[in-house]
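Here's the structure we're looking at; comments come further down.
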Amino acid sequence: MEELQASLQPRGLTLSTFHDKGRSLLAARDFYPGEVIISQEPYVCVPNNSLTESRCDGCFSKSNLKKCSACHVVWYCGSSCQKLEWKLHRLECQLLAKLDKERRKSVTPTIRMMVKLYLRRKLQNGNVIPVTAMDNYNLVEALVSHMSDIDEKQLLLYAQMANLVNLILQLPNNDIKEIAENFSKFACNAHTICDSELRPLGTGLYPVISIINHSCLPNAVLIFEGRLAVVRAVQHIPKDSEVSISYVETAASTITRQKTLKEQYLFTCTCVRCNKLGQYDDIQESAILEGYRCRDNGCSGFLLRESDEKGFVCQQCGLIRNKEEIRKIASDIKALSDKASSSGNLQEAIVLYKNIEKLQKEVYHPFSIILLRTREKLLEILMQLEEWKEALTICRLTIPVYERVYPGFHPLLGLQYYSCGKLEWLLGETDDAIKLFTKAVDILRITHGTSTPFMKELLMKLEEARAEALFKLSSREDS
């Protein structure tokens, strides 16, 4: 790792190892909000292709796609992306073309990524693809696999997947155990590649970015510009401080976050938020985010379970809510949710989700994450149906919850301001749109920078809305 250390030094970074969390990335100088800390291209990556949706292997676009005529697995949007990927795909294509039609159906994105990993190693060993301090297979070997923490069922699955990869590669001296271990490394270290609005596009392995540890209150954020992973500071990071990002959704109770991290990444978080587990403030926050509301609509209190387990007591006014009443409403919500999730009709789904929201308002706290997720689903469907007024009403309801559950420079908060601003502007509420666009810019210029097409579009919308507001003002004054 000496070469990597030397490569990180000019970037104001250094590697360190801690007994409780392994390798870590430390700031060797001060970093400030919006400053790029580090960026990296993927060692390997694949789009999230499925039977119903395909993306270009080069840029992850869905437009103008043509399937590779030889392997019938990989798609490209044009010759530039095909040329970009050709050194690697030339080898992959030959292997995939040899598979029969049924076997090709087993080549999932994860299988493909593993095949590409070994082919890229082969090309680097043969000096066909250059090796650098931040782009070499040694960095993959150094990643943690947590193999000793995985149960037998998962180990068996990795072994089966490794056998399929070995069958495809047909390379001598392939180590099945090593391939299986690399699948475990993927599970713990690969990143979901998202667009600027954090919609998933694919999966990539970024071995240097993977050194950055998790915090539920991170000082940096990972955003993708195409396939390039870019880590920016969202707060002042003093020299000698550890750089951290969040691996999971942070708008959740400590117990939920801990459970997700343990199941997916096989570690227990000890960040400043998680260290409050069991303290009164943490219990209160968990009860608000994932618990129930007081039956008095005028009370904003949160509920905790009674000692006899027969009901829940409001911690503000003392009213008791019967457990059976909550169980009945929860059962009705589940029945409606099951029906809504399987509905293929948007009009039917919107009615079901409105009924779910109505019931959830009766039982969940106004700042409940569960209620928020239902409103997000409602918003998504209303946008598809172009029911703009209703969409704006729902979007406005989500803003106070976003502001409460996300820290000030969280990209999801900025994106929600942007979504709401676009609806306000569409419906003629220009002044409100300007306020929301401004709030969005204040956050997203920190998390996304200002040079991407996405940010240029946002800044242009803000300027257009301001110009429109000035025009309306001058028109009123003239009249």
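The values are calculated or read from the model by the stated rules, or taken from the named source; none is laboratory data. For clarity, every value in this text was computed on a predicted model and none was experimentally measured. Using ideal geometry, Cβ is built from the backbone for each residue, glycine included, and neighbour counts are taken over all protein chains shown. The protein model used for the area step is the full one, side chains on, heavy atoms only, and it has no ligands, DNA or RNA in it. Shrake-Rupley method; radii C 1.70, N 1.55, O 1.52, S 1.80 Å.
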When residues of segment 192-227 are limited to those that are assigned to a loop (DSSP other than H, G, I, E, B) and aliphatic (A, V, I, L, M), the one nearest to ARG257 (Cα to Cα): LEU217
Residue list for segment 231-266, filter: touching a residue at least 60 places away in the same chain (Cβ under 8 Å), among the hydrophobic types (A, V, I, L, M, F, W, C) and at negative phi: VAL231, ALA233, VAL234, ILE237, VAL243, ALA251, ALA252
Hits in segment 246-279 - residues which are over 29 Å from GLY12 (Cα atoms), of a type outside the set (A, V, I, L, M, F, W, C) and open to solvent by 80 Å² or more (accessible area, probe 1.4 Å): LYS259, LYS262, GLU263, GLN264, ASN275, LYS276, GLN279
Subset of segment 228-245 [buried (at least 19 other Cβ atoms within 10 Å of the Cβ) and either of a type in the set (Asp, Glu) or assigned to a loop (DSSP other than H, G, I, E, B) (or both)]: VAL234, VAL243
Tally of residues being within 24 Å of ARG227 (Cβ to Cβ) and in contact with a Leu (Cβ under 8 Å, 6 or more places away or on another chain) across segment 16-39: 5
Within segment 264-287, considering residues that are in contact with a strand residue (DSSP E or B) (Cβ under 9 Å, 6 or more places away or on another chain) and of a type in the set (A, V, I, L, M), the one farthest from PHE18 (Cα to Cα): ALA287
Extreme residue, farthest from VAL165 (Cα to Cα), among residues of segment 121-135 that are in contact with a Lys or Arg (Cβ under 9 Å, 6 or more places away or on another chain) and open to solvent by less than 40 Å² (accessible area, probe 1.4 Å): ILE129
Complete set of residues in segment 426-452 that are touching a Phe, Trp or Tyr at 6+ places or on another chain (Cβ under 9 Å), open to solvent by less than 40 Å² (accessible area, probe 1.4 Å) and either among the basic types (Lys, Arg) or within 20 Å of LYS389 (Cβ to Cβ) (or both): ALA433, ILE434, LEU436, PHE437
Of the criteria (1) without any contact (Cβ under 8 Å) to a residue 24 or more places away in the chain; (2) part of a helix (DSSP H, G or I), which one ALA349 fails: (1)
Test result for THR393, farther than 29 Å from VAL248 by Cβ, among the polar types (S, T, N, Q) and either in a helix (DSSP H, G or I) or open to solvent by 10 Å² or more (accessible area, probe 1.4 Å) (or both): yes
Output for segment 371-386, where each listed residue is in contact (Cβ under 8 Å) with a residue 24 or more places away in the chain and open to solvent by 50 Å² or more (accessible area, probe 1.4 Å): LYS377, GLN384
Sole residue being closer than 19 Å to ARG112 by Cα and either at pLDDT below 95 or crowded, with 20+ Cβ neighbours inside 10 Å (or both), chosen from SER196, SER184, SER215, SER210: SER184
Whichever residue in segment 453-479 is under 25 Å from the mean Cα position of the chain (by Cα) and not charged (D, E, K, R) and, among such residues, is surrounded by the most Cβ atoms within 10 Å (Cβ to Cβ): LEU458
Extreme residue, most open to solvent (accessible area, probe 1.4 Å), among residues of segment 354-370 that are without any contact (Cβ under 8 Å) to a residue 24 or more places away in the chain and not β-branched (Val, Ile, Thr): LYS358
Selection count where residues are under 26 Å from VAL221 (Cβ atoms), outside any loop (DSSP other than H, G, I, E, B) and either hydrophobic (A, V, I, L, M, F, W, C) or open to solvent by 10 Å² or more (accessible area, probe 1.4 Å) (or both), scope segment 41-75: 3
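For segment 122-191, list the helices (runs of 4 or more DSSP H) that sit wholly inside it and hold at least 3 residues that are over 29 Å from the mean Cα position of the chain (by Cα) and either free of Cβ contacts under 8 Å to residues at least 24 places away in the same chain or farther than 24 Å from LYS262 by Cβ (or both); which are they? Lay out the reasoning, then the answer.
Working: elements: 137-141, 152-169, 176-189.
Of the helices (runs of 4 or more DSSP H) lying wholly inside segment 122-191, those with at least 3 residues that are over 29 Å from the mean Cα position of the chain (by Cα) and either free of Cβ contacts under 8 Å to residues at least 24 places away in the same chain or farther than 24 Å from LYS262 by Cβ (or both) span 152-169.
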